[in-house]
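A quick write-up on the structure given underneath.
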Amino acid sequence: MTGRPKIDLAAVRSRHPHHFGRMDRAQITAAAVAAAALALLIYGMGELGFFGGTFLAGLRRLGEILGLMLPPDPGNWAHVRIFVMALLETVAIALLGTLSAAVLAVPLALLAARNVTTARLVRFLSRRSLDTIRSVDILVWALIWINVVGLGPFAGALAIMTSDIGSFGKLFSEAIEAADRRPVEGIVSTGGGRILGVRFGILPEVFPVLASQILYYFESNTRSATIIGIVGAGGIGLHLAEAIRTLELPQVSFIILLILAAVAAIDFVSSQLRFAMIGPRAGTAT
Amino acid sequence: MLRLDGVVKKFGDKRAVDAVSLVVPAGQLVGIIGRSGAGKSTLLRMINRLNDPSEGSIRYGDIDITALRGRALREWRARCAMIFQQFNLAGRLDVLTNVMMGRAFHAPLARSLFNIWTDDEKALGLSALEGLEMARLAGQRADTLSGGQQQRVAIARALVQEPELILADEPIASLDPRNTQVVMDALQHINRHLGITVICNLHSLDIARNYCDRLVGLANGRVVFDGVPSQLTDRVARDLYGLESDDVVGPDARPDYTPAEARPGLALAGS
Amino acid sequence: MTSPIVQLPQAQLRPLLAAYEATVRSRRWHSVMIAACVVAAIALSSISAEVAPMRLFENIGRFTSYIVRLFYLESGAPVWTDPAEWYWGLPRWLRLLGETLLMAYVGTLLGAAGAFGLCFLAAANVAPSRWLRIAVRRFCELCRTVPGLVFALIFVIAFGLGPMAGVLAVAIHTLGALGKLFAEVVENIDMKPVEGISSTGAAWHVAMRFGALPQTMSNFVSYALLRFEINVRESAVLGFVGAGGIGQDLIEAIRKFYYSDVSAILVLILLTVAVIDMLTARVRHRLIGLGENHR
Ligand SMILES: Nc1ncnc2c1ncn2[C@@H]1O[C@H](COP(=O)(O)OP(=O)(O)OP(=O)(O)O)[C@@H](O)[C@H]1O
Ligand SMILES: [Mg+2]
């Protein structure tokens, strides 16, 4: 092998200056943004007390806590019974909240959909109110409903319902707006009127999409339902918070395992149902 | 008698239909021809009032179509059925329910909203479907049908409206030659034997020549030709399409269409 | 006028009608079965969740009066007549709101960094080992399924009351959620560049750095921003369990029935969330636009 032919560096450099020159503008911007983000991160961590001794001490304590959580242990069978019942209650809360929200959200979604409601003001107002409902956290709704119907799972179901009306209203109105307008035109052209156009032209077509969104939310609401118990609105969250406060750590991990199992089961069932309804993939995007 | 006077439709600055005046006597089969974007669909949609004209007036007998509102408008739509290029059926509903939409104006809302139809209405729908050889598929979902079958469902929907006027917007544009013939024969039958006025947008000159009593050529929203098919010389066609006449006749000329009269009648009820 | 339709004779019509009714009936039977299942589930759930329609009906007035009272000051005047009184605690709330945003920011970034490290191990197309991939996936699932608030409760015990517990709860939850999304991004990349680099004999991490990473960066940032929006909302309630941020003042106001404070804080949060959503949406659109230009 003879040595590599000599490269005329200057010539290459003059022909491809952008490979040799310094960073271009986009790269400089990206670097600046990254540096600023990092600086803010470090400032924030300092501000929130990460660089004091508390963080390391906390980590050590966390390690101890995790050690104490294993193995998961409910304590006794009476506890198992209580926890399983509470878990079923959680699922019930999620189911009722999701379904009632879906029923109430349909008319609101129709009011907010461009291809159904022509009055701009109505559309605007319904959209804004849906946004507002959605932005208030579910825990706040839970606390408000506790004031109305008292502590317990009923308040939890109502909280999930209220907060989901906002989400469903938005999702459903998007699904309705994405619906094909031709069937509606076909019905309107016969003299059927707008109501029948919506009833026969839009609703049957969007139904599977709505159903799959409802199933998807049922699953995610099961997770939400576990936390509303923390403020007293029923379900397993109450027992979880109680076990954490009283440092019954093996119970904590047992309850967490229960929740994981329940969520996985519901995930499985709902994705099977979704699959049966509209085939794979569709509807997973929200 | 349908009378259009100086009808204009503007989309923004674009005049999609520009000062069209036409008189269509009852019982005619009128073909509207013109290149894509000439304003054919917009014209038909204005007659059904799916689009509102920007200027001009459309009258039917002594009704001012452009002034109709609410129930009167829906009544007009019930009298003037529309057939679409893309069929415009509700895909997830079954065939007969789609056909029943043609009765929607006549049935009380409280009933139709719950998809309840009387036996008489169903009998009418099934008879219309049978005339188009579709009654066996009455229970099937519309989106499981072939294009030709879907268009026949759409025609059945138009028929159960018992209309005085049928507006067909390129009813054959997405169909194969065989289905094209079935659909055009059906329209011709409806026109010849039942005396219903048919206005039909067509892309294919050959079909327009074969089936229509009268052709109206649109270019850039204006009427540039109005006469019987024999008056449509190659020169006029060239002007209409802005193409060599060979190109115009080209692809559509391949399936050899026998004159309508020479063909055996379609298995339509009453034929 | 004459009908365009010639009615079929009854003899011909009856079998057609019967056939139609039969198909409709079988389909309807299907729907009825599903509806029955749903109704049964609702009934069982109603018992379990102690649903009491009468209680709701009797007390529904309390719900509306609660909402109305949110907009009245202690003095009985509507809040908008005296904004200074309504927002008497503004400096403190703004500081807490700032803390909330900082918690969300730090939590998102730490979580995203963790997810970034894990996603290449969890993506089916590039993962170096099958078992490692499954382990990483399970870990992400755990982090994502356990609600952030539960992590916060545990961290409050370990790290004490305050924002640090909140940050870590946000970070863990973000790690789980983004770990999954990032891995999906990596699974959707074009493998040719990675194979090209591996074929030169480069190590795994080099192939990732120059083959996989450039294709994924804009999606990563876009997902992280989306998560930041969610985390801002989440951080706002972490204070409910003592994990820092504006939530602690909010729950105190709710518990002690300081109605106008509740509305003041809620409005502040809603505005902040709306502004953040708007800003991140704008950045995300630009990022997606950039990504498309580069492809
Ligand atoms: N809803 C609308 N908004 C804006 N412009 C429109 C709309 N509908 C039609 N147009 C425009 O009006 C013109 C005429 O359209 P039209 O659909 O009537 O044409 P056409 O003759 O039916 O064409 P084709 O043979 O392709 O169906 C076109 O330039 C079209 O872009
Ligand atoms: Mg057209």
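Each reported figure results from applying straightforward, stated rules to the coordinates on display, with no laboratory input. Given the structure is predicted, the values throughout are model-derived calculations rather than measurements. Methodologically, a virtual Cβ is constructed for each residue, glycine included, from the backbone with ideal geometry; neighbour enumeration extends over all protein chains shown.
For chain C, the convex hull drawn through the C-alpha positions has a volume of 347 cubic angstrom per residue.
Counting Cβ atoms of other protein chains within 10 Å of each residue's Cβ and taking the mean over peptide A:131-141 gives 5. With θ taken as phi - 60° and the Karplus curve 6.51 cos²θ - 1.76 cosθ + 1.60 applied, the whole-hertz 3J(HN,Hα) list for segment C:98-109 is x, 4, 4, 4, 5, 4, 4, 5, 5, x, 4, 5 Hz, x standing for glycine and proline.
Positive end of the dipole of the protein assembly as shown (Cβ unit charges, origin at the Cα centre): among C:Ser46, C:Leu226, C:Val32, the Cα lying farthest that way belongs to C:Leu226.
To the nearest 500 deg cm²/dmol, what mean residue ellipticity at 222 nm is calculated for chain B from DSSP H runs of n ≥ 4 alone, each contributing -39,500 (n - 2.57), summed and divided by the residues?
Details: 10 runs with 97 residues, N = 271.
Calculated at 222 nm, the ellipticity per residue is -10500 deg cm²/dmol.
In terms of packing, defined here as the mean over residues of other Cβ atoms within 10 angstrom, the peptides C:277-284, C:252-259, C:108-115, B:144-151 line up highest first as C:108-115, B:144-151, C:252-259, C:277-284. Cross-link partners for B:Lys14 among the lysines, with Cα-Cα distance under 28 Å and sequence neighbours closer than 8 places in the same chain left out: B:Lys40.
Could you tell me whether segment B:2-262 comes out rounded, prolate or oblate from its Cα gyration tensor? Rule is a ≥ b ≥ c as square roots of the eigenvalues, rounded for a/c under 1.5, then prolate if a/b exceeds b/c, otherwise oblate. Oblate is the answer for segment B:2-262, as a/c is 1.5 or above yet b/c matches or exceeds a/b.
Could you calculate the FRET efficiency of B:Ala67 with B:Thr233 from 1/(1 + (r/R0)^6), where r is the beta carbon distance between them and R0 is 25 Å, rounded to 0.05?
Values: r = 40 Å, r/R0 = 1.58.
Here the calculated transfer efficiency is 0.05.
Under a point-charge model restricted to the Cβ atoms of Lys and Arg (+1) and Asp and Glu (-1), what is the dipole moment magnitude of segment B:64-190 relative to its Cα centre, in debye to the nearest 20? Kindly include the intermediate steps, with their values, before the conclusion.
Working: 14 positive and 15 negative charges, 85 e Å.
Charge dipole, segment B:64-190, about its Cα centre: 400 debye, nearest 20.
Taken over segment B:1-140, the alpha-carbon convex hull comes to 154 cubic angstrom per residue. The mean number of Cβ atoms from other chains found within 10 Å of a Cβ in peptide B:161-174 is 1, as a whole number. Shape summary: the protein assembly as shown maps onto an equivalent ellipsoid whose semi-axes, from the alpha-carbon gyration tensor, are 61, 37, 27 Å in decreasing order. Here the spin labels are modelled as points 7 Å beyond Cα on the Cα-Cβ line, and at C:Glu58 and A:Gln272 they lie 4.2 nm apart.
When a/c reaches 1.5 or more, the comparison of a/b and b/c decides; with that in mind, is segment A:77-285 rounded, prolate or oblate per its Cα gyration tensor? Let's see the in-between values first.
Numbers: a/c = 3.41, a/b = 1.95, b/c = 1.74.
In terms of gyration-tensor shape, prolate.
Judged by the mean number of other Cβ atoms found within 10 Å, the most tightly packed of the peptides A:202-214, B:227-239 leads the ranking A:202-214, B:227-239.
In segment B:144-206, a dipole from Cβ-located charges (positive for Lys and Arg, negative for Asp and Glu) runs towards its positive end, and of B:Val198, B:Gln188, B:Gln149 it is B:Gln149 whose Cα lies farthest in that direction. Close amide H partners of B:Val224, meaning residues 5 or more places away or on another chain with modelled amide H under 5 Å apart, are B:Gly217, B:Leu218, B:Ala219. When both segment A:122-150 and segment A:229-268 are represented by their alpha-carbon centers, they are found 26 Å apart. Label-to-label distance, C:Glu252 versus A:Thr54, with points set 7 angstrom from Cα along the beta-carbon direction: 1.6 nm. The mean number of Cβ atoms from other chains found within 10 Å of a Cβ in peptide C:52-65 is 3, as a whole number.
About its Cα centre, the protein assembly as shown has a charge dipole of approximately 840 debye under the convention of +1 per Lys or Arg Cβ and -1 per Asp or Glu Cβ, with nothing else charged. Rounded to the nearest whole Hz, the Karplus-based 3J(HN,Hα) values (6.51 cos²θ - 1.76 cosθ + 1.60, θ = phi - 60°) of segment A:243-252 follow the sequence 5, 5, 5, 8, 6, 7, 5, x, 5, 4, with x at glycine and proline.
Kirkwood radius for segment C:51-106, taken over all pairs of different Cα atoms as the inverse mean of 1/r, rounds to 14.2 Å.
Determine, for each peptide in C:5-12, A:158-165, C:33-40, the mean count of other beta carbons within 10 angstrom over its residues, then list the peptides with the highest first.
Working: C:5-12: 14.5, A:158-165: 26.4, C:33-40: 10.5.
Packing order, densest peptide first, comes out as A:158-165, C:5-12, C:33-40.
Kirkwood radius, segment A:82-188, all distinct C-alpha pairs, inverse of mean reciprocal distance: 15.0 Å. Please give the residues of segment B:121-152, grouped as numeric ranges, whose backbone N is less than 15 Å from a label point set 7 Å along the Cα-to-Cβ vector of C:Ser3. In segment B:121-152, the label zone of C:Ser3 (backbone N under 15 Å from the point 7 Å along Cα→Cβ) covers B:121-132.
About the Cα centre of segment A:77-285, how large is the charge dipole given +1 on each Lys and Arg Cβ and -1 on each Asp and Glu Cβ? Please answer in debye to the nearest 20.
Details: 16 positive and 13 negative charges, 134 e Å.
Roughly 640 debye for segment A:77-285.
With the convex hull drawn over the C-alpha atoms of segment C:49-159, the volume per residue is 229 Å³.
Pop out the Kirkwood hydrodynamic radius of segment C:1-117 from its pairwise C-alpha distances, inverse of mean 1/r, in Å to one decimal. Walk me through the numbers before you get to the answer.
Details: mean 1/r = 0.0435 Å⁻¹.
That comes to 23.0 Å for segment C:1-117.
As a ratio to 2.2 N^0.38 Å, the alpha-carbon radius of gyration for segment C:10-51 is 1.96. The modelled label-to-label distance between C:Phe139 and B:Arg222, using points 7 Å beyond Cα along the C-beta direction, is 7.5 nm. Couplings 3J(HN,Hα) for segment A:134-151, derived from phi with the Karplus relation 6.51 cos²θ - 1.76 cosθ + 1.60 (θ = phi - 60°), are 5, 6, 7, 5, 4, 5, 5, 4, 4, 5, 5, 5, 4, 4, 8, 10, x, 4 Hz, where x marks Gly and Pro.
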